[in-house]
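One structure is given here, and the rest of the page talks about it.
The values are calculated or read from the model by the stated rules, or taken from the named source; none is laboratory data. If you're wondering where the values come from, they're calculated on a predicted model, not measured in any experiment. Here Cβ is always computed from backbone atoms with ideal geometry, including for glycine, and neighbour counts include all displayed protein chains. Heavy atoms of the whole protein, side chains included, go into the accessibility calculation; ligands, DNA and RNA do not. Shrake-Rupley method; radii C 1.70, N 1.55, O 1.52, S 1.80 Å.
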Amino acid sequence: MEFMGRPLRHEFKYYLHPHEYLSMRQRVASLLPLDPHSQSEDGYGIRSLYFDSPVDHALYDKTNGIFGREKFRIRIYNASDSSIKLERKSKYGDYVSKESAPLTRSEYENIVHGDASSIADSPHPLVRDLYRALTFKGFRPAAIVDYVREAYVYDYGDVRITFDKKLSSGIGSLDLFDPGLAFREALDDSTRTILEIKFNRFLPEPVRLVATPAASVRSTISKYVICREAAKLHFKR
């Protein structure tokens, strides 16, 4: 499936109670292998810097349920600069599309410190799109989102089942590599885990049987929105 030339995937999200997470994890792990990038059975760390417009289009488009919306983010893994990715995640109703391009550490540093000129002539169209958003639309860093991802894969249908845990909002800095960056956990004890089920055209029946929660209802979850709200609560204290 495609929309405006972009490949689309299904993405179903659920909040899981801790007991439900443990039972689902056991079922999923009995059928699917861990993502090979996992550092342990708990998975790997993801930290993302999100960008938004001066009037917070990405934030309010999500909360208002706008059909077509998109977000730019820069993502790293396990707090390392060995892989720095610029991503644009687009949402069209119930479908999502994700584009990705690499960034160097120096390009990242220039962007975060307000100088986008180093990416103006990037060979990657997505990076040039970020340059235009920063230069002509006033986009700026807006939030840091941090969590641990436990991911399982199923090649048939390009399925990914992920349990995202310890969701936290960065506090006091908008630099992914700032050694003084502090975090505030963004979910309460009853919803500590977010389940995501991602697939292309269909979800194979064996996976559906083990990965669909019995007690949880599918939700429209945005880690970006959750962490923006968590950061606001922190500074109101």
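Got a number for residues in the range 160-196 being part of a loop (DSSP other than H, G, I, E, B) and among the aromatic types (Phe, Trp, Tyr)? Walk me through it before giving the result.
Kept after step one, since they are part of a loop (DSSP other than H, G, I, E, B), are these residues of the range 160-196: 172-181, 186-188, 192.
Of the ones still in play, those that are also among the aromatic types (Phe, Trp, Tyr) are 177.
Count: 1.
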In the range 96-125, which residue that is under 25 Å from Thr220 (Cβ atoms) and in contact with an Asp or Glu (Cβ under 8 Å, 6 or more places away or on another chain) is most open to solvent (accessible area, probe 1.4 Å)?
-> Lys98
Residues that are polar (S, T, N, Q) and either in a loop (DSSP other than H, G, I, E, B) or open to solvent by 60 Å² or more (accessible area, probe 1.4 Å) (or both), drawn from the range 62-89 = Thr63, Asn64, Asn78, Ser82
Of Ala214, Ala231, the only residue that is within 23 Å of Lys89 (Cβ to Cβ) and outside any strand (DSSP E or B) is Ala231
Which one of the conditions (1) crowded, with 16+ Cβ neighbours inside 10 Å; (2) of a type outside the set (D, E, K, R); (3) under 20 Å from the mean Cα position of the chain (by Cα) does Gln39 fail to meet, given that it meets all the rest?
-> (1)
Scope the range 217-228; condition among the charged types (D, E, K, R) and in a helix (DSSP H, G or I); matching residues | Lys223, Arg228
How do the pairs read when you match residues in the range 10-32 that are on the phi < 0 side of the Ramachandran plot with residues anywhere that are among the aromatic types (Phe, Trp, Tyr) and open to solvent by less than 30 Å² (accessible area, probe 1.4 Å), using Cβ under 6 Å and keeping only pairs 6 or more apart or on different chains?
-> His10/Phe199; Val28/Tyr152; Leu32/Tyr152
Hey, Leu59 hits all of (1) within 20 Å of the chain's Cα centre (by Cα); (2) modelled with pLDDT under 95; (3) farther than 23 Å from Gly157 by Cα; (4) surrounded by fewer than 17 Cβ atoms within 10 Å (Cβ to Cβ) but one; which does it fall short on?
-> (4)
